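Engineer: First the structure, then my questions, so here it is.
The values are calculated or read from the model by the stated rules, or taken from the named source; none is laboratory data. Everything numeric here is computed off the predicted structure, so don't read it as measured data. Quick reminder, even Gly has a Cβ in these numbers, built from the backbone with ideal geometry, and neighbours come from all protein chains shown. Just the protein is used for accessible areas: all its heavy atoms, side chains included, with ligands, DNA and RNA removed. Shrake-Rupley method; radii C 1.70, N 1.55, O 1.52, S 1.80 Å.
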Amino acid sequence: MMSPLTIFLIAAVLGVLLIQIYRLKRSRKEYESQVKAWKLRLELDLKQARDERNRLLDALGDAFLIVDGDANIRFANAAAQNLFRGRVLTGRPVSEAFLDPRLADALIQCLETGEPVQSRVVLPQQTSPLGDLETRGTNAWIIDAAQLSDTPNGNPNTRVVIRDVTSEYQLDQIRKDFVANASHELRTPLAIINGYLENLLDDGMIDEPEMARRFLSVMKKHTERISRIVEDMLVISRLESGEASAIKIEPFKLRSCIKDVLERLESVIQNQKASVSVLLNDDAITLYGDRFYWTQVLFNLVENALKQNPYKDLKIEIGSEETGSCFRIWVSDNGVGIPSADLPHIFRRFYRVEKHHSQMEIKGTGLGLSIVKRAIEAHEGTITVTSTPGRETKFLMTIPKNQA
Ligand code: ADP
């Protein structure tokens, strides 16, 4: 038989034990809920950090991708999503995501060798990463790929930047073409002058005054051509310099500008028996712009009409009208016109219509319309051309009123 004291002691020990168990259970619960809260907090922090990183990467203008060691895309920023519009990128192999293998090549090379790669890829329109949305013709991209050194699991990720360098590429091409064309245009008259000089000096023609005079006059004609090309190139380069000082904005009367142009061309107009009519909606129309360039624009357009139609009963019209916010100014003629195949190229530097200059001696520099276009654009305007051969060839310039 247990004494009441023993029973009391056992009950007391059991009670203490139960209290301890209860306490332990409570602290475990507390601990578990704390761990849960920490975990939640950590996940939240991680998510915030990830969102912050994505926001920063999305703010990049260039497409940015992270690719894992198995060449699968792990991350693509907003610019990358835009670039590969309509295609899912994350989780896909690089070779599937990139339409043209040339785009993927540089990246694959970096994945295989671990060495950073930077390469420029020039693509035809149909294989642009922009797909159907590419409208710029040949397009160019820089692929810049490098392995990230801090990938935790030893399977290094690679960061890839895809930069659109199409406009730089096109500008570069234009510059190259310009230098090539300019050299070509200058070479012909220089070679002719050189030939005549050799005749004069080496072949003794200098002692035959009649012949020498003839040679010198041919040389003079070609020297004039060289200086016209150089002058035109200088005008273009000034207009393309983008300097505000290239254009002086002042009010001037369109009518007086037209008068100057017609005076300068008077003898040609008379010789060709061409008729020029001036139809201004408002005789006192005042433009705000650079009178020097406007004179050159109208001169080039009227001179072209005369030059291309030397044997015809030519009618030229210079006109203006006002729409809500714009002035429209045009020069039109009823001459041979411009074949529709040539129309898209007519404002390019040194472009001449083949058909025209096979018929007659080359008279222009092929720079006249480039100057016209650049001068109009420098006045924030646009120029278009339409042509129905034999009926109407019309150069129409639209100038905003706040500028013009
Ligand atoms: P160019 O110095 O040879 O005249 P432009 O740039 O002024 O160079 O003109 C380019 C070409 O556009 C000309 O060579 C000519 O073939 C064509 N062209 C320009 N204006 C006319 C026009 N009014 N009628 C027919 N052809 C034109």
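Engineer: Collect the residues in the range 47-80 that are touching a helix residue (DSSP H, G or I) at 6+ places or on another chain (Cβ under 9 Å), acidic (D, E) and in a helix (DSSP H, G or I), keeping them in residue-number order.
Structural biologist: Once the filter is applied, which keeps residues that are touching a helix residue (DSSP H, G or I) at 6+ places or on another chain (Cβ under 9 Å), acidic (D, E) and in a helix (DSSP H, G or I), the range 47-80 yields only D58.
Engineer: Considering only residues that are on the phi > 0 side of the Ramachandran plot and modelled with pLDDT under 90, look in the range 330-367 and name the one that is farthest from the ligand (Cβ to nearest atom). If you could, list the steps in order and put the result at the bottom.
Structural biologist: Our first condition is that a residue be on the phi > 0 side of the Ramachandran plot; within the range 330-367, this holds for 337, 350, 366.
From what's left, modelled with pLDDT under 90: 350, 366.
On the way: F350: 8, G366: 4 Å.
The extreme case among them is F350.
Engineer: Let me ask something else about it. Taking F75 as the residue in question, decide whether it is among the aromatic types (F, W, Y) and open to solvent by less than 20 Å² (accessible area, probe 1.4 Å).
Structural biologist: no
Engineer: Next question, about the same structure. Checking the conditions here, which among E224, E243 is open to solvent by less than 100 Å² (accessible area, probe 1.4 Å) and either modelled with pLDDT under 85 or within 30 Å of L314 (Cα to Cα) (or both)? Write out each step before concluding.
Structural biologist: On the way: E243 fails: open to solvent by less than 100 Å² (accessible area, probe 1.4 Å).
Unique residue meeting the criteria: E224.
Engineer: Name every residue in the range 113-150 that is of a type in the set (V, I, T) and in contact with a Ser or Thr (Cβ under 9 Å, 6 or more places away or on another chain), in order of residue number.
Structural biologist: Listed by number, the residues that qualify are V122, T138, I142, I143.
Engineer: May I pose another question? Only one residue in L57, L46 is surrounded by 10 or more Cβ atoms within 10 Å (Cβ to Cβ), touching a strand residue (DSSP E or B) at 6+ places or on another chain (Cβ under 7 Å) and under 30 Å from N77 (Cα atoms), so which one is that?
Structural biologist: Answer to the selection: L57.
Engineer: Which of the residues belonging to the range 287-331 are aromatic (F, W, Y) and within 25 Å of V235 (Cα to Cα)?
Structural biologist: Y288, F292, Y293, W294, F299, F327, W330
Engineer: If you don't mind, another one. For the range 161-190, enumerate the residues that are of a type in the set (K, R) and touching a strand residue (DSSP E or B) at 6+ places or on another chain (Cβ under 9 Å). Walk me through how you get there before you give the answer.
Structural biologist: Restricting attention to the range 161-190, the residues satisfying the condition of being of a type in the set (K, R) are 163, 175-176, 187.
Hit for the range 161-190 is R163, nothing else.
Matching residues to (1) on the phi > 0 side of the Ramachandran plot; (2) over 35 Å from the mean Cα position of the chain (by Cα); (3) assigned by TED's automatic domain parsing to the domain that holds L367; (4) not polar (S, T, N, Q):
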position	(1), (2), (3), (4)
A180	no, no, no, yes
N194	no, yes, no, no
L200	no, yes, no, yes
D203	no, yes, no, yes
R214	no, yes, no, yes
V218	no, yes, no, yes
H222	no, yes, no, yes
D232	no, no, no, yes
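Engineer: Would you please name the residue that is surrounded by the fewest Cβ atoms within 10 Å (Cβ to Cβ), looking only at residues in the range 368-381 that are away from the ligand (no atom under 13 Å from the Cβ) and under 26 Å from A182 (Cβ atoms)?
Structural biologist: The qualifying residue surrounded by the fewest Cβ atoms within 10 Å (Cβ to Cβ) is E377.
Engineer: Is it the case that I346 is touching a Pro at 6+ places or on another chain (Cβ under 8 Å), closer than 21 Å to T382 by Cα and surrounded by 16 or more Cβ atoms within 10 Å (Cβ to Cβ)?
Structural biologist: When the stated conditions are applied, I346 does not pass them.
Engineer: Go over the candidates V230, V278, V261 one by one and state the one that is of a type in the set (A, V, I, L, M, F, W, C) and open to solvent by 50 Å² or more (accessible area, probe 1.4 Å).
Structural biologist: Testing whether each residue is of a type in the set (A, V, I, L, M, F, W, C) and open to solvent by 50 Å² or more (accessible area, probe 1.4 Å) leaves just V230.
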